[in-house]
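Here's the structure, in structure tokens; my notes come after.
The values are calculated or read from the model by the stated rules, or taken from the named source; none is laboratory data. Worth saying up front: this structure is predicted, and the values here are computed from it rather than measured. Heads up, the Cβs are rebuilt from the backbone with ideal geometry, glycines too, and the neighbour counts pull from every protein chain shown. When the accessible area is computed, the model is the full protein with side chains, heavy atoms only, and any ligands, DNA or RNA have been set aside. Shrake-Rupley method; radii C 1.70, N 1.55, O 1.52, S 1.80 Å.
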Amino acid sequence: FYSPYSISEAMAMTYGGARGETEEQMAEALQFYLSQDELHKAFNYLDLELEKRGEGAEGQDGEGFRLNIVNAIWGQRDYKFTDAYLDLLAENYGAGLRIVDFEKDAEASREIINEWVSDQTEERIKDLLPQGSVDELTRLVLTNAIYFNAAWTVQFNEEATADGEFILPDGSTVTVPMMHQNESFRYGEGADYQAIELPYDGNELSMVIVLPSVGQFGNFEGQLDSEKLNEILEGMQREQVDLAMPRFNIESEFSLKNVLAELGMPVAFTENADFSGMDGTKNLMISDVVHKSFVNVDEKGTEAAAATGVIMVATGMPSEIKEMNIDSPFIFLIRDMETNTILFLGRVMDPS
């Protein structure tokens, strides 16, 4: 379980500082086919549209519907980021620069970021940045958090929930609480699947469930792409459905570093990365992209949360190695570094 939108938005903020080959690889891997200017405007538009959802609707917990999407960037104290990059993030993602001190206290900085993520997700996503993920070389962390809480338009009757069998991939079964209702839903089916759409209160968002035929899950999942999904959605129509489905609760966490590199943007994670749009230099690279997510589905509705963090570090590329062999007379001094007071001064002509 993960949030494609959270990952895409966090990576889009990062992409705003990419240049050269790094920018080209990220665009291809992430399928960012709009120009830089248009892409960030598009994300801004999406955020503003999603903010409008759920007015007057109910949440799973009996309180109001919530769909909150927030961004923040956390920069090293006294590190110089370009005004253009900071303006880009502020104008399109509502992400202001928050100052922390990774150099002097990386652990305290990590805790500050994690606490912010927890607050934004109603404490469902804790410890987004694992211990050791930021250190004294970290210069910037870009974060996105998303929280969703909504009631079903047609809720399940808890009294109708009863134990039922659920078939596992190996063909064995387990007994789980199965929710039941008989209602009119958008429904579709094909040779190897069934699909249903369950709307949330307000009828602006929904959960779509696609059920591959028994024994066909692996094959079906391997063929499921955006084109296939659109085909499924377009083929659905309203039907009376006798529905049974399990309650479920999932928590996930993983690193996206290897996945993104395999998708075609490996240079972003190396010392050859070019994020000069962020700070005017080529001294930054991505050290990791971390993601955590949570979902709980029951008779009343759905609560879900996710967060993504992109960790940027100084490349630490060594400059040309210099050699110094002190094998002839030399001068030396001992000084106070803050005031530059020279306390001792001398020369060594013959160290023997």
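Counted residue by residue at 0.36 nm each, then reduced by the alpha carbon distance between them, the extension gain from PHE166 to GLU49 reaches 38.3 nm.
Please label the shape of the chain as rounded, prolate or oblate, based on the square roots a ≥ b ≥ c of the eigenvalues of the alpha-carbon gyration tensor (a/c under 1.5 means rounded; beyond that, a/b larger than b/c means prolate, else oblate). Prolate. Averaged over its residues, the chain has an accessible area of 56 Å² per residue, based on protein heavy atoms and a 1.4 Å probe. Taking a ≥ b ≥ c as the square roots of the eigenvalues of the Cα gyration tensor of the stretch 184-302, is the shape rounded (a/c under 1.5), prolate (a/b larger than b/c) or oblate? Taking the square roots of the gyration eigenvalues as a ≥ b ≥ c, the stretch 184-302 is prolate. Quick one: grab the alpha carbon gyration tensor of the stretch 155-253, order the square roots of its eigenvalues as a ≥ b ≥ c, and give me rounded if a/c is under 1.5, else prolate or oblate depending on whether a/b is larger than b/c. Because a/c hits 1.5 or more and a/b fails to exceed b/c, the stretch 155-253 counts as oblate. Computed from label points 7 Å out along Cα-Cβ, the spacing between GLU123 and GLU107 is 2.4 nm.
Carbon-plus-sulfur accessible fraction, the stretch 133-246 (probe radius 1.4 Å, protein heavy atoms only): 47%.
Basic side chains Lys and Arg get +1 at the Cβ, acidic Asp and Glu get -1 at the Cβ, and with that the dipole of the chain about its Cα centre reaches some 880 debye. Of LYS104/LYS282; LYS41/LYS126; LYS126/LYS300; LYS52/LYS80; LYS126/LYS257, which sit over 27 Å apart, Cα to Cα? From LYS104/LYS282; LYS41/LYS126; LYS126/LYS300; LYS52/LYS80; LYS126/LYS257, over 27 Å: LYS41/LYS126; LYS52/LYS80. In terms of the mean number of neighbouring beta-carbon atoms within 10 Å, the peptides 159-169, 239-249, 187-197 order highest first as 187-197, 239-249, 159-169.
Here the stretch 190-296 is assigned +1 on the Cβ of each Lys and Arg and -1 on the Cβ of each Asp and Glu. Its dipole about the Cα centre then comes out at about 220 debye. Rounded to the nearest 5, the antiparallel percentage of DSSP beta bridges internal to the chain is 95%.
Under a model in which nothing but the beta-carbon of Lys, Arg (+1) and Asp, Glu (-1) is charged, the stretch 60-177 shows a dipole of about 460 debye around its Cα centre. Based on Cα contacts under 8 Å between residues 6+ apart, the chain shows a relative contact order of 22 percent. Tilt of helix 102-120 relative to the longest C-alpha principal axis of the chain, in degrees (0 to 90, nearest 10)? The two axes meet at around 20 degrees. Estimated from helices alone, the mean residue ellipticity of the chain at 222 nm is -8000 deg cm²/dmol (sum of -39500 (n - 2.57) over DSSP H runs with n ≥ 4, per residue). Net length available on complete extension from GLN240 to GLU197 is 14.3 nm, with 0.36 nm assigned per residue and the Cα-Cα distance removed.
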